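Computed from the coordinates by the stated procedures, all read-outs in this text should not be read as laboratory data. Everything numeric in this text was worked out from a predicted model, so none of it was measured. Counting neighbours? That spans all protein chains shown, and the Cβs are built from the backbone with ideal geometry, glycine included.
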Amino acid sequence: MLRLHLPKKGDLRDPNNWRDITLLSIPGKVLCAILADRIRPAIEKVLREEQAGFRPNRGCSDQIFTLRRIIEKSINKRYGIILNFIDFEKAFDSVHQESLWEILKSYGIPTKIVEIIKSLYEDAESCVKVNEEENTAWFKIKTGVRQECILSPLLFIIAIDWVLQKALKDQKLGIKLNYKQEIEDLDFADDIVLIADNTQKMQEKTDRIDTH
């Protein structure tokens, strides 16, 4: 796989201000699109409702509206809320591949499909295009999901969903929306806002996510 470095904002002498994209073959893109269509129905049944990223009929505006309503309610009812905004650095690059394959199986993805996805990453090598005529040496890729691959957003939200499920399930560290419903967080892919009604709960919630 060939990678291109594209500049972002800020000091371009800082490697963090460059973004990698992976150039994939046309057959590879078609295969990944088919795989994405195959796994989407299965994961929609198990993903947390709080996640709106890369999902049908959901978007960032939904989360903004919900958060605004929560803030307005807290003002009207005169109770405090604590918000902690989390943005995972190098999110796609941080996914542990071997853990991801097991998570996919636990989310009901057929083993055959998981093995096909796994084969796309096994012994994967890449190089970086330096200029029009020069590339770096080839190197192995052992972690992360591929940038600009149609399958990667789904793989990522599955991984982050598993982390949040394990960290927050049945912890009651959020706020009550009504007498039946409690909300712990709102997510759009790797952009996450944790919600609590006091600093102690927020610290415990943040620590639990950090340890997972």
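Residues whose amide H comes within less than 5 Å of that of Q147, counting only those at least five positions distant or on another chain, are T22 (H built at 1.01 Å from N in the peptide plane). Comparing G144, F54, V114 along the charge dipole axis of region 2-211, the residue lying farthest to the positive side is F54, per the Cβ-charge model.
What you get for region 2-211, charging only the Cβ of Lys and Arg (+1) and of Asp and Glu (-1), is a dipole of about 800 debye around the Cα centre. Note on D210 and S99: the model spin-label points, each 7 Å out from Cα along the C-beta direction, lie 1.6 nm apart.
Give me C60, C149 ranked fewest to most by other Cβ atoms within 10 Å of their Cβ, as a rough exposure proxy.
Fewest to most other Cβ atoms nearby, the residues stand as C60, C149.
Helices in the chain that qualify as membrane-span-like (whole DSSP H runs, Cα extent of at least 15 Å along the helix axis, mean Kyte-Doolittle hydropathy of 0.5 or higher) are 26-44, 111-121, 152-168.
Report for region 2-211 the percent antiparallel among DSSP-assigned beta bridges with both residues inside it, nearest 5.
Working: 21 of 25 bridges.
Percent antiparallel among DSSP bridges in region 2-211 is about 85.
Of all lysines in the structure, the ones whose alpha carbon falls short of 17 Å from that of K118, not counting any fewer than 8 places away in one chain, are K29, K105, K140, K142. Exactly which trypsin sites (Lys or Arg not before Pro) in region 141-175 are in a DSSP loop and have at most 11 other Cβ atoms within 10 Å? Sparse-neighbourhood loop trypsin sites (Lys or Arg not before Pro): K142, K169, K172.
For the listed peptides 178-188, 75-85, a ranking on the average number of other beta carbons within 10 Å per residue, highest first, reads 178-188, 75-85. When you restrict to C-alpha pairs under 8 Å that are six or more residues apart and normalise by the size of the chain, the relative contact order lands at 29 percent. Between E122 and R78, the simple spin-label model (points 7 angstrom out along Cα→Cβ) gives 6.5 nm. Full extension of the chain segment joining D87 with R69 gains 4.3 nm, where the gain is 0.36 nm per residue of separation less the Cα-Cα distance. One Cα centroid belongs to region 144-192, the other to region 30-91; the line between them spans 7 Å.
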